[in-house]
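What follows is a short report on a single structure.
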Amino acid sequence: MREHPYISDADTVRFEDLLRQASTVGIVTHTRPDGDAVGSCLALKHFIRERIDAGKECRILLDTEAPEAVRFLFSPADGDQTLVHRPDPAAAESFVAACDLLICLDFNHFSRAGGLEAVLQASKARKILVDHHPGPDLSRFDLAFSETEVSSTCELLFRILSRCPSGREEGLPKACLDPLLTGITTDTNNFANSVFGATLETVSTLLDAGADRETILEHLYNEYPERRIRLLGHLLDRELVLTGRGVAYMILDAGTADSYGILEGETEGFVNIPLAIDRVKMSLFLRQDGDQYRVSIRSKKGWSAQRLAARFFEGGGHEQASGGKVRLGGDLREKADVAAWIERCTEIFFHDENR
Ligand code: 5GP
Ligand code: MN
């Protein structure tokens with residue numbers, strides 16, 4: 001296997017020691033969790049149950065529900081043991097307060113934890129970070145595995161668990177395989193982006209160990225509700241705008257989403273599609289969420305989605321895949337105002353980047 005300088009033996013030994021010493025463990029991820037967030041949480045939970053201590057109190061804490069496309073990863077028991085903040089803040093918050101170890105997966109700053117942010121800030125528990133976003137808030141963690149040159153948190157977690165004393169000896173439990181492969185698959189957009197040599201080596205190991213890629217792909221990409229595909233057709237036909245600077249954007253307001261019966265998470269991936277157009281450098285997808293629009297941004301190499309998100313949309317993320325928001329109010333009231341704002345800020349951005 002390749003050597004990975006960013007994962008030292010000292011750190012994996014410490015990681016396993018912290019797991020063993022803890023009596024109550026909370027596994028936390030970012031709000032609106034995606035496949036990488038959910039997959040890494042489940043894989044770590046199974047590892048703790050099967051390789052560390054089956055009797056240890058260990059729960060996954062989500063701010064908002066897992067998206068439909070990855071619910072197949074949850075057994076009924078996994079579902080029962082997961083606490084979701086948005087329907088039940090009290091249960092999730094009192095569990096966090098009782099934890100003596102919190103493991104934060106796939107986010108770089110407590111502010112990305114949504115409603116769980118305040119209890120994370122207040123917690124005196126030991127904290128471990130496993131994440132692949134740039135610029136993590138390392139001061140908050142007793143132990144951090146932070147590496148951007150990986151496809152996903154699931155890939156990084158695979159490497160950590162495989163190098164832990166107990167993972168090294170026994171390999172990963174079978175229950176970890178599909179969650180890890182799911183996270184790698186969704187974060188690479190089914191192996192289109194952010195794939196490194198080590199990513200394929202990881203996947204090769206997962207497949208040889210028995211990960212079920214066919215079933216994963218079926219759940220992720222062949223079980224969409226019809227309304228999603230029809231809405232996509234509508235957006236591409238009627239709403240897609242291309243600017244002279246090579247920016248593509250689509251805006252979905254609440255009324256249109258409702259008229260198609262579209263639920264949370266069902267527009268996942270729409271932002272990628274306009275990038276297939278030759279002259280498009282950057283694609284933005286905006287979806288209304290109450291009094292704001294949530295923004296997804298994807299860029300081709302050489303253009304920074306991350307800088308655009310940070311400068312104009314109160315957000316951030318990865319170099320080529322970022323997100324943020326536009327708050328409604330003041331001059332920004334209607335969809336047309338939001339479109340004008342997108343035109344203006346991308347014009348400024350590309351003018352500055354091209355200088
Ligand atoms: P998506 O477009 O899939 O919602 O998000 C793409 C990436 O952008 C995520 O992996 C995450 O890293 C980042 N991201 C999304 N929304 C936000 C946000 O509001 N703030 C920050 N800092 N990053 C975000
Ligand atoms: Mn991720």
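The values are calculated or read from the model by the stated rules, or taken from the named source; none is laboratory data. The structure presented is a predicted model; accordingly, all values stated were derived computationally and were not measured. When we count neighbours, we look across all protein chains shown, and the Cβ atoms used for this are built from the backbone with ideal geometry, even at glycine. What goes into the accessible areas is simple: the full protein's heavy atoms, side chains included, and nothing from ligands, DNA or RNA. Shrake-Rupley method; radii C 1.70, N 1.55, O 1.52, S 1.80 Å.
Could you tell me whether the chain comes out rounded, prolate or oblate from its Cα gyration tensor? Rule is a ≥ b ≥ c as square roots of the eigenvalues, rounded for a/c under 1.5, then prolate if a/b exceeds b/c, otherwise oblate. It is prolate, given that a/c is not under 1.5 and a/b is the larger ratio. Report summary: the helix-based calculation at 222 nm, which adds -39500 (n - 2.57) for every DSSP H run with n ≥ 4 and divides by the residues of the chain, gives -12000 deg cm²/dmol. For a straight C-alpha distance cut-off of 16 angstrom, the lysines reachable from Lys56 (same-chain residues fewer than eight places away being disregarded) are Lys45.
Taking 17 Å as the straight-line reach from the Cα of Lys281, the lysines in range (excluding those fewer than 8 positions away in the same chain) are Lys300, Lys301.
Per residue, the chain exposes an accessible area of 44 Å² to a 1.4 Å probe, with every protein chain left in place. Starting from the Cα of Glu201, step 7 Å toward the Cβ, then list every residue of segment 128-149 with an amide N under 15 Å from that point. Within reach of a label on Glu201: 149. With a Förster radius of 56 Å applied to the C-beta separation of Lys300 and Ser23, the computed FRET efficiency comes to 0.70.
Within the same chain, aspartates and glutamates fewer than 8 places from Lys174 are excluded, and of the rest, those with a Cα less than 13 Å from its Cα are Glu50, Asp208, Asp212.
Using the Cα gyration tensor of segment 133-240, with a ≥ b ≥ c the square roots of its eigenvalues, what is the shape: rounded (a/c below 1.5), prolate (a/b larger than b/c) or oblate (neither)? Walk me through the numbers on the way to the answer.
Numbers: a/c = 2.68, a/b = 1.54, b/c = 1.74.
In terms of gyration-tensor shape, oblate.
Within the accessible area of segment 120-211, what % is carbon and sulfur when the probe is 1.4 Å and the other protein chains stay in place? Write out the running numbers ahead of the final one.
Working: 1590 of 3450 Å².
Looking at segment 120-211 in its full context, I get 46 percent from C and S.
What residue among Thr346, Ser304, Val326 has its Cα farthest toward the positive end of the dipole of segment 297-348, where the charges are +1 on Lys, Arg and -1 on Asp, Glu, each on the Cβ? Value: Ser304.
Protection proxy ranking for 245-256, 111-122, using the average of other Cβ atoms within 10 Å per residue and placing the highest first: 245-256, 111-122.
Dimensions of segment 228-355 along the principal axes, based on C-alpha atoms and rounded to the nearest Å, stand at 43, 34, 25, largest first.
Which order, highest average first, do 333-346, 38-51 follow once you tally other Cβ atoms within 10 Å for each residue and take the mean per peptide? It would help to have the intermediate numbers written out before the result.
Numbers: 333-346: 15.6, 38-51: 25.2.
The peptides rank, most packed first, as 38-51, 333-346.
Residue separation of Glu149 and Lys56 scaled by 0.36 nm, minus their Cα-Cα distance, works out to 30.2 nm of gained length. Calculated FRET efficiency, Glu170 to Leu242, Cβ-Cβ distance, R0 = 41 Å: about 0.15 to the nearest 0.05.
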